[in-house]
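What follows is a set of notes on a single structure, which appears directly below.
Computed from the coordinates by the stated procedures, all read-outs in this text should not be read as laboratory data. Quick caveat: nothing in here was measured; it's all calculated off a predicted structure. With ideal geometry, Cβ positions are generated from the backbone for all residues, glycine too; neighbour counts draw on all protein chains shown.
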Amino acid sequence: MNSKRRVFLKGTLAAGTVGVAVGAGLLTPSTVLASAREGFEAGSVSDALKSVMGSDSHDSGDITISAPELAENGAVVPITVESSLTGVTDIAILAAANNNPLTSSYKLGEGTKAYVATRIKMGDSSDIVAVLKANGQLYSSSREVKVTIGGCGG
Amino acid sequence: MNLSRREFLQVLAAAGAAGFSLPASARLGAAGKNPSDPYELPARGNVSILHFTDCHGQLLPVYFREPHINLGVAEMKGRPPHLVGKALLERYGIDHPGLLSHAYTYLDYVKLAEHYGRVGGFAHLATLVKKVRDQRPGALLLDGGDTWGGGSGTGLWTHAQDMVDAQLKLGVDIMTGHWEFTFGADRVREIVENDFAGHIEFLAQNVVDVDWGDRIFKPYTIREMNGVNVAVIGQSFPYTPIANPRHMVAEWSFGIRHGEMQDTVNNARADGAEVVILLSHNGMDVDIKLAQVVDGIDAIMGGHTHDAVPAPLEIKGPEGGTCLVTNGGSNGKFLGVLDLDFRDGRIRDYQYRLLPVFANLIEPDPDMARYIEQVRDQEVTYDGQTFNMKDALSEELAVSEDLLYRRGNFNGTFDQLICDALMEQVDAQIAFSPGFRWGTTVLPGMPITFEHVMDQTGLTYPAVTRNEMSGAMIKEILEDVADNLYNKDPFYQQGGDMVRVGGLQYSIDPTRSIGERIGDMELNGKPIAPNESYVVAGWASVQEQPAGNTGRKIWDVVADYLRDHETVSISELNEPKLRGVEGNPGVSSV
Amino acid sequence: MSSIRVRAQLSDGVTNVRALISHPMETGQRTDSGGNTIPAHYITEVKAKVRDREILTANWGPSISRNPYLSFQFEGASSGDTLELSWVDNNGDSDSTQVQIR
């Protein structure tokens with residue numbers, strides 16, 4: 001049982017958030033942000049989408065999110081988003097339970113596939129939300145990633 | 001009747017058999033699913049797979065009691081492996097009492113254990129493997145992992161060399177891993193690249209380097225068997241860096257990776273594979289879901305969850321194909337034998353048997369027996385001390401008045417002993433002990449040896465810790481572990497059992513969601529207060545520098561406790577109050 | 001030495017790019033052992049170009065992991081073309097590298 005790890009983390013995280021990822025960016029508004037980057041300050045998925053995509057209304061679409069079911073390390077969670085939709089110009093990846101859900105957004109050039117992979121920090125178990133803009137219309141999909149204490153297995 | 005070696009040899013001589021005939025008095029029901037000789041198994045078809053898994057370093061025969069609580073929730077409720085005792089026997093048509101009912105269940109455990117004797121042991125397994133193989137030319141022997149530990153003194157002290165040489169002697173062809181990784185990435189690499197080179201293939205499609213995502217091990221191999229191309233894919237335990245210390249495999253990433261699994265199956269088929277076998281350390285519920293979402297796997301030889309499941313589940317895949325999902329038990333108790341009849345491009349028929357390895361009924365292989373004796377009777381240096389392993393392990397620490405066992409969703413009696421030892425030895429109000437599924441059983445009246453203690457605690461991160469925790473944090477830990485056991489989606493389960501507790505009492509409703517399962521937390525009859533602080537002892541922290549490290553190792557704490565007490569009894573088992581599981585065939589009162 | 005390691009491989013007309021960047025990606029929320037806040041320091045933008053063609057622009061916040069990884073795919077390049085990858089962080093520091101598509 002790895003209760004000790006949690007104790008250690010509690011001690012190091014001033015915010016008192018139940019984060020397991022060490023220093024995983026328990027995100028409160030950053031200080032140096034240009035206006036174009038206000039999506040990163042938004043406190044909800046909806047506000048972040050309005051900022052980065054111009055709207056938060058979206059349909060479910062044919063989007064595949066690949067991510068571990070259980071994060072090995074909340075500070076490094078690999079996420080891959082891909083879609084068979086055509087005409088995709090923008091992709092956003094959000095971790096709904098982070099204080100600031102928007103992790104990253106991507107503008108795709110012509111001929112660039114609707115595919116992006118990166119690694120993100122997660123403070124706690126969360127839905128990962130992927131939103132795509134294709135021909136001006138927003139589509140989304142989500143998938144749960146659990147951040148767990150660990151230990152005890154086997 | 002207690003079958004002695006001498007009696008057994010007499011029976012054998014009379015029968016003129018090759019070492020496998022059963023004495024009449026030990027015989028089970030005459031026909032069908034209760035065969036007169038459990039080892040009489042003529043081959044069928046042209047493709048044969050032999051499989052053992054999760055032996056946890058047990059070179060010698062042991063006692064191992066199967067669980068009386070193995071709850072399934074949601075769609076897993078009542079589905080194998082979540083059947084215990086009578087429910088399991090009814091499902092598979094096995095009579096009780098008998099050899100097989102004793103092998104697969106806890107029913108009348110002590111009486112039947114005294115009657116049938118110990119199970120497993122590599123010398124006995126070796127004889128059985130030879131016999132089964134002789135009838136099956138070209139058969140492959142697969143090792144599902146958890147072979148190098150945890151739960152073994154000799155494994156720990158020889159850095160798994162004891163098991164590596166035993167695997168080579170046994171003739172293992174292919175393996176995958178889990179606890180193997182707790183010896184560290186360097187040691188795994190060293191063994192795979194040197195000892196195993198040209199003999200044993202270590203396969204894992206789901207282990208990649210953390211930077212670029214490149215595979216560390218070969219994902220699959222194709223072997224020709226009686227003119228049929230058989231692919232074996234390896235799947236290591238997906239949650240190794242979560243359930244065990246990540247720093248031991250810091251450069252490697254795991255996960256289920258079912259998308260890559262489909263690609264691997266497709267690649268193997270494109271390479272000419274006609275039959276695809278998955279050697280898996282996922283655990284049975286994960287394997288069942290994997291078989292539902294990945295197309296083209298014919299059979300999964302499964303482990304990790306230690307489920308002794310007598311017959312495969314036939315699971316429909318996404319394209320309508322059938323996958324046979326098996327799980328092979330633990331601690332060297334069983335050898336799984338799968339025969340497939342592959343003709344004209346498809347599998348026409350199959351036969352599967354999970355053969356229990358009863359040491360009294362099988363002649364030990366002399367060569368393996370000599371090896372085991374020699375490897376144990378060896379001087380080693382560990383942690384600055386030099387000692388003879390056999391001498392150290394044979395120390396009798398105390399006598400047990402009760403049956404001591406671990407396996408089950410909640411506290412076993414041996415767990416409770418460990419928790420009692422922790423609380424007393426490091427002066428704590430509450431103890432936590434991991435929900436491992438390994439650890440052998442001690443019968444009432446038997447001396448508890450240091451070997452039994454190492455069976456329960458021998459691992460590479462043994463630090464005992466002592467910390468203050470708030471009541472809220474204790475609840476959070478219980479909720480987190482419970483969700484790893486009872487999440488309704490098996491891909492989100494980690495596969496151990498519930499953390500064992502000393503001092504603390506609680507109730508659990510496995511059918512609810514995280515945050516809502518645990519209730520009624522009490523210490524000495526007083527409710528646990530969220531903001532109050534409690535002293536909690538534990539061990540096997542997965543942190544590199546465990547907080548609250550007392551500097552003591554778990555086996556020393558337990559051994560000292562036993563030496564102090566001389567006799568131990570577990571008058572009342574500290575199991576949580578169960579809610580929401582009425583009628584669930586995964587629980588049975590003892 | 002560049003802070004960027006990148007691999008760009010062409011297969012069936014699709015270039016698959018995988019990049020690793022050495023960068024602390026500090027959130028501004030952590031404190032050091034002395035209790036002082038470690039200032040935010042993270043990449044805000046990554047750009048990928050082939051000649052003058054903009055392939056991808058990534059806008060990142062501080063919740064992208066330390067030593068970030070980025071992978072993307074595009075069509076229309078030929079073997080031997082040069083892919084340029086560059087980043088800028090919140091301090092105004094930047095780096096870039098070029099790699100031949102193979």
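Pairs exceeding 20 Å between alpha-carbon atoms, taken from B:Lys289/B:Lys316; A:Lys146/B:Lys475; A:Lys121/B:Lys218; B:Lys86/B:Lys111; A:Lys107/A:Lys133: A:Lys121/B:Lys218. Once you order the gyration tensor axes a ≥ b ≥ c over the Cα atoms, which shape class does chain B get: rounded for a/c under 1.5, otherwise prolate or oblate by comparing a/b with b/c? Verdict is rounded for chain B. Quote the FRET efficiency, to the nearest 0.05, computed for A:Lys50 versus B:Ala185 with a Förster distance R0 of 56 Å and r equal to the Cβ-Cβ distance. Between A:Lys50 and B:Ala185 the formula returns 0.80. The label-point distance for A:Ala96 and C:Thr31, in a model that sets each label 7 Å from Cα toward Cβ, rounds to 3.3 nm. Extension gain for B:Asp344 to B:Ser533 (0.36 nm times residue separation, less C-alpha to C-alpha distance): 61.2 nm.
When the Gaussian network model of chain C links Cα atoms closer than 10 Å, the mean-square fluctuations of C:Pro39, C:Pro62, C:Pro24 top out at C:Pro39. Sparsely packed loop sites in the range B:66-147 (the chymotrypsin sites (Phe, Trp or Tyr not before Pro) outside DSSP H, G, I, E and B with at most 12 other Cβ atoms within 10 Å) do not occur. Taken residue by residue and averaged, Cβ atoms of other chains lying within 10 Å of the Cβ of C:86-92 number 1.
Paramagnetic label reach from A:Ser142 (point 7 Å along Cα→Cβ; backbone nitrogen cut-off under 20 Å): within the range A:72-107, residues A:77-83, A:91-106.
Placing pseudo-labels 7 Å out from each Cα toward the beta carbon at B:Leu168 and A:Ser60 gives an inter-label distance of 5.5 nm. Taken along the Cα-to-beta-carbon direction at a fixed 7 Å, the label points for C:Val88 and C:Arg7 span 3.0 nm. A Förster radius of 45 Å combined with the Cβ-Cβ distance from B:Asp37 to B:Asn266 puts the calculated FRET efficiency at roughly 0.60.
Between B:Lys488 and B:Asn388, the contour length at 0.36 nm per residue exceeds the Cα-Cα span by 31.2 nm. Note: relative contact order over chain C, using C-alpha pairs below 8 Å and six or more positions apart, is 33 percent. Per residue of peptide B:233-242, the mean number of Cβ atoms on other chains within 10 Å of the residue Cβ is 4.
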